[in-house]
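Following: one structure in C-alpha cells, then a few remarks.
Computed from the coordinates by the stated procedures, all read-outs in this text should not be read as laboratory data. What you see is a predicted model, and the numbers here were worked out from it, not measured in a lab. Cβ coordinates were reconstructed from backbone atoms using ideal geometry, including for glycine residues, and neighbour counts include every protein chain displayed.
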Amino acid sequence: MRTVIVRYKTTEAHAATNETLVHAVYDELRRRAPAGFHYATFKLADGVSFLHFAIVESAGQNPLSTLPQFEEFQRQLQMKDRCVEPPVVTELEAVDAYAMPALAGGV
C-alpha cells in the first residue's frame, strides 16, 4: 500500500481554475471506479493552498496516471504563473487510524 500527500499553493487568479481541473479528475474517477484507490482533495482556509491525499492499496499502477484529465491537471499545474508554491509530494507511513478502512491494512 502506498499513501501520499501532495501540497501546493496556486495564485489567487488560478485557484478557481485549479478547482475546475480537480473536479474533472474526480468526474472521471467516478466513471471508472478504480478498485483499491482512495483519493481526496482539500482546499485550505487561505483559498489557494491545496492538499491531495491518495491511498493506492495494491502494488499496481496509480489509476491517476491513466487519466487524460489528470494529465491536463498536471500540465497546467506546471505552468510558471499558476503556482506560488510548487507541488511537494510526501510519502506517508500509517502509524494508526480510526474509521479509515483504506488504512486498516497498513497499520
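Answer with yes or no whether Ala16 is over 23 Å from Ala102 (Cβ atoms) and part of a helix (DSSP H, G or I). It is true that Ala16 is over 23 Å from Ala102 (Cβ atoms) and part of a helix (DSSP H, G or I). If you go through the range 63-83 one residue at a time, do you hit one that is touching a helix residue (DSSP H, G or I) at 6+ places or on another chain (Cβ under 7 Å) and under 12 Å from Arg2 (Cα atoms)? Scanning the range 63-83, I find no residue that is touching a helix residue (DSSP H, G or I) at 6+ places or on another chain (Cβ under 7 Å) and under 12 Å from Arg2 (Cα atoms), so the answer is no.
Residues are listed down the side, and each one gets a yes or a no for (1) under 14 Å from the mean Cα position of the chain (by Cα); (2) part of a strand (DSSP E or B):
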{"site": "Ala24", "(1), (2)": "yes, no"}
{"site": "Ala35", "(1), (2)": "no, no"}
{"site": "Phe42", "(1), (2)": "yes, yes"}
{"site": "Ala54", "(1), (2)": "yes, yes"}
{"site": "Gln69", "(1), (2)": "yes, no"}
{"site": "Gln76", "(1), (2)": "no, no"}
{"site": "Lys80", "(1), (2)": "no, no"}
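Inside the range 76-94, residues that are in contact with a Leu (Cβ under 7 Å, 6 or more places away or on another chain) and farther than 17 Å from Thr20 by Cβ make up a count of 2.
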